1. Hey, does segment 223-236 have a residue that's surrounded by 17 or more Cβ atoms within 10 Å (Cβ to Cβ) and of a type in the set (Gly, Ala, Ser)?
2. For segment 189-203, state whether one or more residues are without any contact (Cβ under 8 Å) to a residue 24 or more places away in the chain, in contact with a helix residue (DSSP H, G or I) (Cβ under 8 Å, 6 or more places away or on another chain) and outside any helix (DSSP H, G or I).
3. In segment 85-104, how many are small (Gly, Ala, Ser) and assigned to a helix (DSSP H, G or I)?
4. Being part of a helix (DSSP H, G or I), hydrophobic (A, V, I, L, M, F, W, C) and farther than 26 Å from residue 194 by Cα is the requirement here; does residue 62 meet it?
5. Filter segment 60-91 for residues that are in contact (Cβ under 8 Å) with a residue 24 or more places away in the chain and touching a Ser or Thr at 6+ places or on another chain (Cβ under 9 Å); which is surrounded by the most Cβ atoms within 10 Å (Cβ to Cβ)?
6. Look through segment 105-150, keep the residues that are charged (D, E, K, R) and part of a helix (DSSP H, G or I), and return whichever of them is nearest to residue 215 (Cα to Cα).
7. Out of 168, 200, report the one residue that is of a type outside the set (Ser, Thr, Tyr), surrounded by 13 or more Cβ atoms within 10 Å (Cβ to Cβ) and modelled with pLDDT under 85.
8. Just for segment 93-120: of the residues that are in contact with a Pro (Cβ under 6 Å, 6 or more places away or on another chain) and at pLDDT 75 or above, which one is farthest from residue 248 (Cα to Cα)?
Amino acid sequence: MPQFYTLIFGLSRVAAVLAAAALLFMDTLCSVGVILVLLFGMLGAGVWVFASIALVAVLSLFFLQGMSPARIGSIASSIIYRYSSGWELSAIPMFIWMGEIIFRTDISARLFRGLSPFVDYIPGRLLHTNVLGCTLFAAVSGSSPATTATVDKISIGELDKRGYDPRVALGSLAGAGSLGLLIPPSIVMIVYGILAEQSVSRLFAAGVLPGLMIAGLYSAYIILRAKLTPEIAPHDKPDHKLADFGRALVDLLPLGVLMGIVLGSIYTGIATPSEAARGGGELGQFAADLRPGPSHRFPEAAVAIGDPADPRSGPRFRSRRA
């Protein structure tokens, strides 16, 4: 009989622990659900992303965790100061500035002209300029929206004019545009490295090979698609002379030198990402000053240093359509 009571007592303890765990799990699940509903509700209402995240964080701490406004303010102020006082974050606006310079000058147009002769003999032909253009531009801007907007400006209209399949053209651009998240100098990697307290230079080095592999897979898909569906690209025979390849290399030279100096200085340890970003911005502006074109609008670029794909960025949007 005592053994029976011992067994009952043990089972009751196990049941109590399981019930407490279930209640804790349900409480956590409900909290996560409320946070997600608030976040997606604010984003769906058109509230800015940073404002939505900040408001949801404050409301969650206040209502779900029962923290006082004074404590929330103390936590927020210490976190904001800790991360905003680090020099590592200064690399972000400089890389954006470097991409903005290339976006607003003829360097971006020369990128398309320089790649065209080299890809014209590959199945899929100029469709590969989307992939290669995004790969190269991602290596100097670090931003996926900036990469997509720039390559869209120089390639989509030209591909449509030459009779390429618009679905494949847009699909290759949408896919390759995301390489800006992975190929250094990725802005996302800078932010992640600071938050996770990891070396940004090592994160950059780790992103090169996967980024190139993904770019290669995109190009391989275009080649396979062109073999199976030849009508996605024109059938006329390319006729490029040796001088065309020489001019193409000259067109690619500014971007290649910029990439080599920025990434080379980071990987060799000569400069930190912040120093390399500053040097890249100055070199980009110097290269643009040598050949100012009709889109040479640095005063507007200084104002419109937001998201190049966002139509709400007024000055930038108007200048792109001008």
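1. Within segment 223-236 (the criterion being surrounded by 17 or more Cβ atoms within 10 Å (Cβ to Cβ) and of a type in the set (Gly, Ala, Ser)), the answer is yes, since at least one residue qualifies.
2. Yes, segment 189-203 has at least one match.
3. Of segment 85-104, the ones small (Gly, Ala, Ser) are 85-86, 90-91, 99.
Add one more test, that the residue is assigned to a helix (DSSP H, G or I), and what stays is 90-91, 99.
So the answer is 3.
4. Answer is yes for this residue.
5. Of everything passing the filter in segment 60-91, 91 is surrounded by the most Cβ atoms within 10 Å (Cβ to Cβ).
6. Quick first cut of segment 105-150, residues charged (D, E, K, R) only: 106, 110, 113, 120, 125.
Add one more test, that the residue is part of a helix (DSSP H, G or I), and what stays is 110, 113, 125.
On the way: 110: 20, 113: 20, 125: 15 Å.
Restricting to residues being charged (D, E, K, R) and part of a helix (DSSP H, G or I), the top hit is 125.
7. On the way: 168 fails: modelled with pLDDT under 85.
The conditions single out 200.
8. Restricting to residues being in contact with a Pro (Cβ under 6 Å, 6 or more places away or on another chain) and at pLDDT 75 or above, the top hit is 95.
The values are calculated or read from the model by the stated rules, or taken from the named source; none is laboratory data. These numbers come from a predicted model, not from an experiment. Note that we place each Cβ from the backbone using ideal geometry, even for glycine, and neighbour counts take in every protein chain shown.
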